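Everything below concerns the one structure shown next.
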Amino acid sequence: TFVEIMTGLKIKSLGTIHWYVTELEKEGVIKRTRGHQGKRALSILEQNLRITLPLLGIVQAGYPLEVFEDVEQIEVPQAYIDEKNFVLRVRGDSMIDDHIQEDDYIIVKETKTANNGELVIAYINDDATLKRYYKKINKIELHPANTNFDIIHIHPEDDFRIGGKVLSVIRKYN
């Protein structure tokens, strides 16, 4: 019922719920059965529901490239929808042995920590790169997945931080 929606969303106005339901119906996201049970029967029209995350820029799978903000949205599986997740497009081929290629999209969870061997977005002196993270005694290494590229050694004077962990790769075929 509208009262159940109101309670679940912690909205205090039944009129506000009615307005949202009407707007979602106009957008083709839901369908409301008219008549006596019209307030109880709502169906989500999944074919019209767009599950997206923001595309925040391009990350270099090679040498570091600055990440930029963008407003484009990329459709992703619903399981990856989270306020801490975002999408980056891959440039370069330093991660091809991990099956990450030029123009792939990666779904990233924003985090400041990672375990050894995890794929991360690492910021080195404000540039971003996609690599496997390894913390060793007194040093950090970022490993490519391509023998044509060298391991990046993080030095004490470097401004280093982890920006996120890779959750998934999306490849679009034309």
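Sorting 76-82, 139-145 by their mean Cβ neighbour count within 10 Å, with the most densely packed peptide first, gives 139-145, 76-82. Basic side chains Lys and Arg get +1 at the Cβ, acidic Asp and Glu get -1 at the Cβ, and with that the dipole of the stretch 68-174 about its Cα centre reaches some 480 debye. About the centre of its Cα atoms, the stretch 86-137 shows a dipole size close to 360 debye [charges on the beta carbon of Lys, Arg (+1) and Asp, Glu (-1) only; nearest 20 debye].
A short reminder: the numbers here are calculations on the coordinates, not readings from a lab. Quick caveat, the model's predicted, so the values are computed rather than measured. Here the Cβ is made from the backbone with ideal geometry for all residues, glycine too, and neighbour counts use every protein chain on show.
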